Each structure stands twice: as C-alpha cells, then as structure tokens.
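Notes follow once the structure below has been shown.
The values are calculated or read from the model by the stated rules, or taken from the named source; none is laboratory data. In this text the structure is predicted, and so the values were computed from the model without any measurement. Quick reminder, even Gly has a Cβ in these numbers, built from the backbone with ideal geometry, and neighbours come from all protein chains shown. Please note that ligands, DNA and RNA were not included when accessible areas were found on the heavy atoms of the full protein model with its side chains. Shrake-Rupley method; radii C 1.70, N 1.55, O 1.52, S 1.80 Å.
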Amino acid sequence: MNYNFELLQFYIYKKVIKKNQRDRILEDCERLKMPVDKYVLVKGICTETAQLPALGEFFNMPYAQMDMFEPDDELLHKFNFKVLKRLKIVPINIDRNGVLLVAVGRPLDFNGISLLATVYTGKMDFVLVPPSQIDRLLDSKAAVISTAAALASLQKAKDDEILEAAQGPDIAALPTNNDVINAPAVQLVDSIIKEAIPFRASDIHIEPYEKVVRVRYRIDGDLSERASFPIESFPSICARIKIMSNMNIAERRIPQDGRISMNISGSEYDFRVSSLPTIYGEKFVIRILDKNSFNFSRADLGFFPEENLIIDKILAQPHGVILLTGPTGCGKSTTLYSFLKELNKPDLNIITVEDPVEYSMHGINQTQVNVKADMTFASALRSILRQDPDVIMIGEIRDEETAQIAIRAAITGHLVFSTLHTNDAPGAVTRLIDMGTSDYLVADALVAVIAQRLVKRLCPVCKKKFVTKQREMDVLKITEPVSIYRPAPNGCQFCNNTGYKGRVGVHEIMFLNEELRESVSKNVDMSTFRDKALEQGMITLWESCRKYVLNGLTSMDELALLATE
C-alpha cells in the first residue's frame with residue numbers, strides 16, 4: 001500500500017485538495033521523503049484543523065481539538081515532556097474502568113505507544129489531535145514549571161546575598177543598579193518570554209512597584225497577572241532585557257525601544273520592546289510577533305460568506321484606496337496582510353511602508369519607517385511611487401501629507417491599502433476630508449472602508465447553553481426563543497478560567513457605489529451619510545457580532561460592549 005497515494009485519494013474525496021494537485025504533491029512527497037499530511041501543512045495547502053476530520057476518518061480514529069481535554073497533571077508529569085513532544089503523544093487520564101485515554105498526533109508512530117506501555121500496562125484508547133496543539137499544551141506546562149523554578153532560584157540567590165551580608169559588613173553588599181547579570185535573572189527573563197507563547201499572549205508587561213515587580217500577560221485583549229518577584233531583583237532583570245533588545249543599559253531617564261529575535265520550539269519570533277521610566281524604575285512592555293504564524297484565511301479572520309462576496313469585488317478593483325479602521329490592537333494589520341497575501345502574484349509589484357514591519361512576506365517589497373533618518377510615511381510614499389508599484393500598502397495614514405499622496409496615488413492608477421483610527425466605516429470619509437483632502441478627490445479615489453473589532457470567542461470546552469428570555473430576545477431582535485451560550489462562571493483549565501478562548505473579528509464593510517460617491521462629493525453630514533450606507537446594504541459591527549451570538553461563538557456581553565461604543 002502506498003500510504004501517500006491512498007491518503008491523497010482520500011483528501012480528494014473529502015475535498016481537502018483538488019484533483020489536479022495530486023500528481024505534483026505525490027512527486028514532491030516522494031522526492032522529499034515526506035508524508036502527505038505533513039507536506040500539505042508545510043506548503044500551506046490546508047490547515048491542521050481542516051485536515052483533522054479527513055485524517056480521523058482515514059485512520060478510523062475519533063478526533064478532537066486538544067482543548068477539549070483536561071490532562072491529569074500527576075499522570076503527565078510521570079513522563080519527559082521533550083520525549084512526549086517529539087513523539088506527539090499526551091496521556092490524558094485514566095477512567096473508572098482503568099482505560100488510559102491518549103491523545104496522538106501521529107497515528108502510525110508506534111514508538112509513543114511503546115513508551116506508554118513501559119509505564120502503563122492496562123488498556124489504552126486513542127484520539128487523534130492536531131500535532132501543533134500537543135506542542136502548545138506541553139510547552140505551556142513546561143513554561144509554567146520553568147518560571148516557577150526561575151522565581152525560586154532568584155529568591156534563593158537574594159536570600160544567600162542577605163545571609164552573606166549579615167555575616168559581616170565587609171562580606172557582601174545588598175544589590176545595586178550596577179549588579180552584573182546573574183544566572184537566575186537570565187533564566188527568569190527567558191522563562192517569562194517563553195511562557196507567554198503557549199498562552200497566546202500578545203504583550204508582556206513587566207512593571208516595578210515599591211516592593212515588588214509584577215508580570216502581566218495580555219491574552220485575548222485582557223491583562224492577567226502571571227507572576228511577581230521582589231523589587232531587589234529588578235536591576236538585574238532590567239539589565240538583562242536591555243542587553244537582549246540592544247538598548248542602552250546606562251540610560252534610565254528616557255524611554256527606549258528595542259527588538260529581540262528568538263527561536264522558540266522551532267518557530268521564529270520577534271519581540272518589540274518598549275521601556276518607560278516610572279517612579280520605581282523602568283516599565284517594560286514586550287509585543288510578541290510570530291514570524292511563521294501568518295497563515296490566516298478570511299474565515300479565520302471572521303468574514304462571513306456574504307461578506308467575502310463583497311471582499312472579492314473590493315480586491316478585484318484595479319485602483320483606488322481601501323481603508324481598514326478601528327482602535328489599536330483590533331487586527332487591522334493582520335487583515336491587511338491577508339489581503340496582500342491573496343494579491344501576491346508574480347505579475348504584480350507590491351510595495352509596503354510600515355512602522356514597523358510586523359510580518360515578512362515573500363514576494364512583497366517591505367520598507368520600514370525611520371524617523372531619525374527622515375524616512376516618514378510621506379517621504380517613503382513619494383519614493384515608492386518611483387518604483388513602478390501596482391499595489392501599495394501604507395501602515396497608517398497619520399497626517400494630511402500622507403493622506404493626499406495616498407489619494408493621488410490611487411487616482412493615478414495604483415491600488416492603495418492603509419489604516420485609519422475611526423469608530424466606524426463612514427467615519428473614515430469625514431476623517432480624510434478633515435485632513436484636508438478635497439471631497440471630490442475622496443469620492444473619486446475611495447473604493448471601500450472596512451471597520452473592524454475583535455470579540456472574544458466562548459471557550460468550546462466550558463461554555464454553557466441557555467434559552468433566551470424576553471430581555472435577550474429584545475436585544476437580539478428576534479421573536480421566538482433560541483438557544484445561545486454564555487461563558488462558564490469560573491471557566492476551565494484551557495481558557496485560563498476566563499470562559500473565553502481566542503478572539504474573532506467582526507466587520508462593517510462599506511463598498512462605495514455611485515450613490516455613496518455622490519453623497520461624499522456633496523459633503524453630506526455624517527449621520528445622513530451613514531443612513532445612506534445602511535440603505536445600500538452595509539452590515540454594522542453590531543449586526544456582525546449578533547450573528548456570532550446566535551451561532552454560539554460569542555456571548556451577549558461582547559455584543560453589549562459593541563453597542564456601548
């Protein structure tokens with residue numbers, strides 16, 4: 001039996017791949033000696049989640065997401081995490097009948113089963129899960145242990161210094177700001193950074209106070225405290241972060257910016273580091289950027305099928321300005337990158353100017369703003385226009401000069417993508433006009449505006465179903481009771497006891513037709529223009545979120561937050 005050929009045939013049957021892709025994939029797999037299921041992931045042909053049902057059916061195994069299980073920590077700690085990760089297996093728990101449930105990522109790898117058999121001789125049942133989810137679980141468990149050990153080591157080092165100082169005035173002095181970096185500090189900083197990855201944190205906050213230093217992670221938009229350690233340890237921690245990010249160690253009076261690049265569990269990460277002097281020392285915020293994680297589809301970003309029809313029309317435009325709007329951290333750049341990824345073809349010259357470049361994309365020319373070298377958005381945009389571009393992406397329209405150059409670039413035959421900070425899609429028109437751009441130029445150049453927000457996904461493990469009462473029916477504008485979901489009061493292990501896991505985008509898409517362009521050129525007031533856009537079929541952010549509530553993806557609380565904006 002040719003495993004690769006049989007699996008490819010099954011993938012065609014399950015519509016994971018197209019029939020015309022089979023021979024090329026098979027040839028590549030044989031040349032690279034790589035299994036098909038791994039090859040389609042590496043090449044981005046499909047995602048782990050998309051191929052999981054097909055693999056489960058092919059191997060006649062039950063399948064699930066790793067988040068659906070709560071592994072027994074006592075059982076898990078009987079094994080070496082590195083070995084489990086290499087073999088892609090996780091022992092989950094032993095039921096009342098003595099059956100061990102095991103999550104596996106590689107159904108044909110019998111080495112993992114042999115390893116488990118050395119520890120457990122009873123009956124075992126297996127469930128297929130995505131291998132990357134096994135890695136994430138084991139990484140999170142290992143990171144928690146590592147951080148706890150680093151904190152204990154740091155505390156012990158400080159205790160030893162105090163004991164030495166107590167033995168006599170000439171033995172040792174308490175730590176000062178000039179302390180040399182010690183091993184516990186190195187271990188703690190590395191652990192804090194590495195632990196943030198499996199917890200899906202977007203930012204790490206390290207904040208000094210009078211007696212302690214607090215570490216917080218921003219997960220799914222909310223800050224949660226992770227650890228704290230004595231303030232006496234902070235000078236060495238501070239110096240370690242500055243050395244890693246190429247900051248000036250001696251400078252403590254002014255804010256600084258730096259960057260760290262690290263390979264964590266085989267993936268490349270960039271960390272943007274910002275320091276800010278406070279009364280108790282310098283606060284650090286570290287933004288996490290995964291160089292390899294950018295593989296989003298429109299469905300992953302939260303676009304509904306009917307919205308995708310409009311997006312197809314927008315991206316098919318030969319020229320014009322396409323804007324994404326919303327507050328900082330709402331995923332505007334990620335959505336822009338996904339659009340550029342779709343347009344990225346050999347016959348197009350795509351150039352970006354960003355501050356900073358967040359994701360590196362092959363085939364796209366990416367430029368970074370450098371204010372010290374007088375490389376602003378406006379000056380970079382002028383140079384870009386001499387580079388024969390077809391598509392231009394400007395990280396943000398911040399001033400009148402950038403806005404006018406972007407508009408004129410669109411009018412002269414370029415497709416321009418950019419972002420603005422406005423509350424809704426119609427507000428972008430007013431903002432451009434307020435920046436000094438003539439209303440007739442905006443009407444001529446603007447193709448579409450997409451307003452975006454992120455709402456929290458309910459945890460699929462612990463979310464609770466309930467039937468709507470009259471109050472919820474009134475809010476949702478429905479006449480008959482339906483079943484929707486709310487977060488569990490105390491959450492569960494896999495949502496960090498929050499009731500939510502992950503976020504998804506909701507969108508307000510305004511595609512400018514002739515009637516809307518005429519309204520823009522007449523400079524109608526904001527309220528009238530918004531009403532006109534709604535008449536032309538624009539779906540609001542609230543309506544988009546309402547669909548997610550009715551689909552059981554998010555909660556009424558998230559819908560209420562959108563309504564209060």
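Observations on the model:
- Accessible area per residue in Å² at 1.4 Å probe, computed on the chain: 49 Å²
- Assigned charges on the beta-carbon of Lys, Arg, Asp, Glu; region 462-565 dipole about Cα centre (debye): 700 debye
- When the charge dipole of the chain is built from unit charges on Cβ atoms (+1 for Lys and Arg, -1 for Asp and Glu) and taken about the Cα centre, the candidate among 314, 223, 89 whose Cα reaches farthest toward its positive end is 89.
- Free-standing Cys residues across the chain, given no other cysteine C-beta under 4.7 angstrom: 29, 46, 238, 330, 545
- Here each label is just a point 7 Å from Cα along the line to Cβ, and for residue 214 and residue 47 those points are 3.4 nm apart.
- For region 294-440, lysine pairs separated by 8 or more sequence positions, or belonging to different chains, with Cα-Cα distances below 23 Å total 5.
- Antiparallel bridges, percent of DSSP beta bridges restricted to the chain (to nearest 5): 65 percent
- The calculated FRET efficiency for the pair residue 342 and residue 365, based on their C-beta separation and a Förster distance of 22 Å, comes to about 0.80.
- Estimated FRET transfer efficiency (residue 97, residue 202; beta-carbon r; R0 56 Å; 0.05): 0.85
- Sulfur and carbon atoms: percent of accessible area, region 425-495 [1.4 Å]: 49 percent
- For residue 352, neighbours were defined as the other residues whose beta-carbon sits under 14 Å from its Cβ, and their charges (Lys and Arg +1, Asp and Glu -1) total -3.
- Neighbour net charge for residue 416 - beta-carbon separation under 11 angstrom, K R +1, D E -1: 0
- Apportionment of accessible area to carbon and sulfur, region 58-132, percent (1.4 Å): 52 percent
- For region 429-494, with +1 on Lys and Arg beta carbons and -1 on Asp and Glu, the positive-most of 489, 458, 440 along the dipole: 489
- Those trypsin sites (Lys or Arg not before Pro) in region 181-286 that DSSP places in a loop and that have at most 13 other beta carbons within 10 Å: 211, 253
- Helices meeting the span-like rule in the chain (full DSSP H runs, Cα extent of at least 30 Å along the helix axis, mean Kyte-Doolittle score of 0.5 or higher) are absent.
- Rounded to the nearest 20, the size of the Cβ-charge dipole of region 369-459 about its Cα centre is 440 debye, with Lys and Arg at +1 and Asp and Glu at -1.
- Between region 420-445 and region 60-112, the Cα center-to-center distance that results, in Å: 54 Å
- Between region 121-140 and region 493-565, the alpha-carbon centres lie 38 Å apart.
- Between residue 20 and residue 74, the FRET efficiency from the beta-carbon distance, with R0 = 56 Å, is close to 0.65.
- Only Lys, Arg, Asp and Glu carry charge here, each on its Cβ (+1 for the first two, -1 for the last two); on that basis the chain has a dipole of about 1240 debye about its Cα centre.
- Trypsin sites (Lys or Arg not before Pro) restricted to region 430-481 and DSSP loop, no more than 13 other C-beta within 10 Å: 469, 477
- Pairs beyond 32 Å (Cα-Cα), from 141/463; 43/123; 18/477: 43/123; 18/477
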